[in-house]
Amino acid sequence: MKAYKIYVVGMVQGVGFRPFIRRIAELTKVHGYVKNLGGGEVEIHIESGDEGSINKFVKMLRERRPPPAKIRNLKVVETKPLNLKDFKILKSGREKLYASEIPQDLAVCLDCIREVLDPRSRWYRYPFNSCAWCGPRYSMMYNPPYDRENTSMRDFPLCDECKREYEDLWNERRYHAQGISCPRCGPRLTLLDKNLRKMDVDDPLKAAAELIDSGKIVAVKGIGGFHIACLASSDEVVLELRRRKRRPRKPFALMALNLEVAERLVEIEDEEVEGLMTGYIKPIMILPRRDGSPVSRFVAPGLRTLGVMLPYTPLHYLILMETRDKFLIMTSGNAFGDPMISDDSQIHRLTGIVDYFLTHNRRIVNRVDDSVIRPTYGGFAILRCGRGMAPKLLNLPFKLRDKVVAYGAELQTAGAVGFDDKVVLAPFSGDTDNPLVLRDHESSIRYLMKSYGLNGGDLSVVADLHPRYSSRRAAERFAERNGFKLQLIQHHFSHMASVMAERGHDPEEPAVGVVMDGVGYGLDGAIWGGEIIAWDGSRFRRFGRLEYHVMPGGDLATKYPLRMLASIMLKIMDEGEVVELFRRMGFIKKMKYGLRELEACLRIVREGGGPKTSSTGRFLDSISALLGICFERTYEGEPAISLEENSVEIDEIFDAGRLLIEDGGGVEILTSEILRILLDRLNTSPKGELAYMAQYLLGKALGEAAYIAANRFEVRELYVSGGAAVNHIILRGLADGSSLKILVNREIPANDGGIAVGQVYIAGLMEDLD
């Protein structure tokens, strides 16, 4: 008799894994048990007098796992036989032997949709149909392991029919599937009017669809929070939603019934894009708008792309099926600047935005926003890590001595925890300068701490170096209250380290990176954002940077790009020439206080009265304003995003000459010279080509500077991160200028949504260097 313990790590809870194990045990005639453990892993005990049966079991385990399951690691240990007579699914254990992934929310599978559409099925038109392979997980979990009693489905006891299927070993999709239900025993929909009074309708879902078709705006409770749904084809409706949400230009997400409908809206020419859109994540995909698209131009003003996802629950599918267009705006249900509403007790905050509410009585335990992905530079870039992707577990190339809690950055950020050789990134939080977002941010961090047993002992708290970040102050309070040590880490070092962590970089080896973003507190007190960073095996240091420019009015220069443009121009012109160019281009009329504002900005720059910045974002903003593309930032990254989207690719770009200055302290990249090149061609080249040229030349100059650093440290790879590291044109320039292999974030966001991973990585290095 031989016996083995098998520990399976990965996405193995909430995906029908234990039922699958019991079925293959029956097929191979082995005895034993399977159970979930508290760290998200699965423990299997098998025994048999026939070694061939055991080998066949392990082979089937590796090759026939449930469709959504992901096996990261399989540990097989020989053990003593227990002389068991059968194979059982045991009650889950709380112990945490090998940390694994918390089950992520899974998009509805085709089998469940078929049942919802089949009039003969008992799930016909049932909005909450799910099975072992699909449905909410993280968003309804109180804590691991993933069992029904640990989720908000515990409020819905199974009816006799569901219980019978739950106990049927050979019902592959429903045996021990914790989230299953049916119209008799599951959640129910309710339609509320604007005053939150229940409406007397036979079919709340169909009534909601009719209201949407009539031009009304409806809040829809999904699995991770409320969406706001309305017609995307009506200019009038879209503009009214913009007015109510106080959202002048930020694009709205769309949801299309199926791939065929989505292809009427955007260009889908890549099988990998199709796979993401139709798979178990179904994120918002940023794709080129199709010519003749029926979507209102006000859905994404000034942009050539649209963000489109497919329905990931039966509820969304049924709503879209009932509406006339088969596609709708499906944007986050939140008041301006606030987190998405996920609690019914807070829906009154949406009464100034929506006309009706389609809600249900299943509690959302953990708020989670839709994930956002865009194709860029030969792969995909994650802009927001949320539903279906987070919490995200990554393996580190070394073992942490202490447990680590990382608070991330300030805007569009997320937290993380680290332990052993693991880091787990929490779902997207948002802007933590909003107290409501900060509260949710800390709540998601605490959830991960509880889930992975980070409850004291040797624990380090990590935050951004910026003294005014709300997230840093929260981290300081948390560390002081619990007696934990606090580490403050420079923003751009963390960005570079996030790619190093993702790519498994050996910290004993040197590395060179380029970090491009809008703002980060620098070691010299300036605002960094276009940096060449080197890791020499013992510390990070800045090797080069974009040219410093004064930000006239500080934060006002981030909101109004013409201020930044005037500042950069003053490096290559005198004040009179700047004023004359602004007058000739009509820019003075674009400034709130006209000539007085421009003169005040020039005076601040001349006297050096504002903060200095090397920000990539501020330079791109200024070019966006120069080319008349964007004069005011109404959402994060708007001028730079609009600049990239309005670019026209050029096959050949002239030699701009050397844009670098080298000295003993490193390399400086003269962005004012790139501006001079554009000004010389402003009247002779199309603006779209100039937009492309500016971004390419910036990337090429950064690449040339990085090449100098790479030669010094004898490396052939370049780690690239930061909010601008998703810009395809800049990345192309980087590759051409450096001749190095470009490594960018692919599994986590390159923006501040992934920075907490880098914080954990560096915290581990700091421990080793103590």
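Odds and ends about this structure:
- For the range 29-53, the set of residues classified as touching a His at 6+ places or on another chain (Cβ under 7 Å) and open to solvent by 10 Å² or more (accessible area, probe 1.4 Å) consists of Tyr33, Ser48, listed by residue number.
Residue by residue, here is whether (1) free of Cβ contacts under 8 Å to residues at least 60 places away in the same chain; (2) surrounded by 16 or more Cβ atoms within 10 Å (Cβ to Cβ) holds:
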site	(1), (2)
Asp202	yes, no
Ile217	no, yes
Gly224	no, yes
His227	no, yes
Glu236	yes, no
Arg242	yes, yes
Lys245	no, yes
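- Among (1) within 23 Å of Thr351 (Cβ to Cβ); (2) part of a loop (DSSP other than H, G, I, E, B), the one test that Leu158 misses: (1)
- Selection within the range 322-339 - within 18 Å of Met309 (Cα to Cα) and within 18 Å of the chain's Cα centre (by Cα): Met330, Thr331, Ser332, Gly333
- Filtered residues of the range 373-391 (kept if open to solvent by less than 20 Å² (accessible area, probe 1.4 Å) and closer than 22 Å to Asp431 by Cα): Ile373, Ala381, Ile382, Cys385, Gly386, Arg387, Gly388, Met389, Ala390, Pro391
- Residues of the range 336-348 that are of a type outside the set (A, V, I, L, M), surrounded by 14 or more Cβ atoms within 10 Å (Cβ to Cβ) and assigned to a helix (DSSP H, G or I): Asp344, Gln346.
- All of (1) open to solvent by less than 30 Å² (accessible area, probe 1.4 Å); (2) in contact (Cβ under 8 Å) with a residue 60 or more places away in the chain; (3) not in a loop (DSSP other than H, G, I, E, B) hold for Ala207 with one exception: (2).
- Residue count for the range 136-155 under the criterion of being polar (S, T, N, Q), under 19 Å from Cys109 (Cβ atoms) and in a helix (DSSP H, G or I): the result is 1.
- Flag for Gly520 being of a type in the set (Gly, Ala, Ser) and closer than 20 Å to Gly637 by Cα: yes
- Out of Leu675, Leu659, sole residue that is within 21 Å of Met516 (Cβ to Cβ) and either under 33 Å from the mean Cα position of the chain (by Cα) or open to solvent by 70 Å² or more (accessible area, probe 1.4 Å) (or both): Leu675
- Extreme residue, nearest to Met516 (Cα to Cα), among residues of the range 466-489 that are open to solvent by 20 Å² or more (accessible area, probe 1.4 Å) and touching a His at 6+ places or on another chain (Cβ under 8 Å): His466
- When each of Lys5, Lys85 is tested for being touching a residue at least 40 places away in the same chain (Cβ under 8 Å) and within 30 Å of Ser451 (Cα to Cα), the lone residue that passes is Lys5.
- Test set (1) closer than 22 Å to Gly378 by Cβ; (2) out of contact with any strand residue (DSSP E or B) (no Cβ under 6 Å at 6 or more places or on another chain); (3) of a type outside the set (S, T, N, Q) - Val299 fails condition number: (1)
- Residues of the range 110-135 classified as open to solvent by less than 10 Å² (accessible area, probe 1.4 Å), within 19 Å of Met277 (Cβ to Cβ) and outside any strand (DSSP E or B), total: 1
- For the range 490-541, taking the residues that are in contact (Cβ under 8 Å) with a residue 60 or more places away in the chain, hydroxyl-bearing (Ser, Thr, Tyr) and within 27 Å of Asp555 (Cβ to Cβ), the one that is surrounded by the fewest Cβ atoms within 10 Å (Cβ to Cβ) is identified as Ser494.
- From the list Phe619, Phe631, Phe582, Phe587, the lone residue that is within 28 Å of Phe336 (Cα to Cα), open to solvent by less than 10 Å² (accessible area, probe 1.4 Å), at pLDDT 95 or above and of a type in the set (Phe, Trp, Tyr) is Phe619.
- Of the residues making up the range 349-364, just one is surrounded by fewer than 18 Cβ atoms within 10 Å (Cβ to Cβ), within 16 Å of Pro187 (Cβ to Cβ) and basic (Lys, Arg), namely Arg363.
- Considered as a group, the residues in the range 259-286 that are open to solvent by 50 Å² or more (accessible area, probe 1.4 Å) and in contact (Cβ under 8 Å) with a residue 24 or more places away in the chain include one that is nearest to Phe226 (Cα to Cα), and that residue is Tyr280.
The values are calculated or read from the model by the stated rules, or taken from the named source; none is laboratory data. Note that this is a predicted model, so its numbers are computed, not measured. Here Cβ is always computed from backbone atoms with ideal geometry, including for glycine, and neighbour counts include all displayed protein chains. Heavy atoms of the whole protein, side chains included, go into the accessibility calculation; ligands, DNA and RNA do not. Shrake-Rupley method; radii C 1.70, N 1.55, O 1.52, S 1.80 Å.
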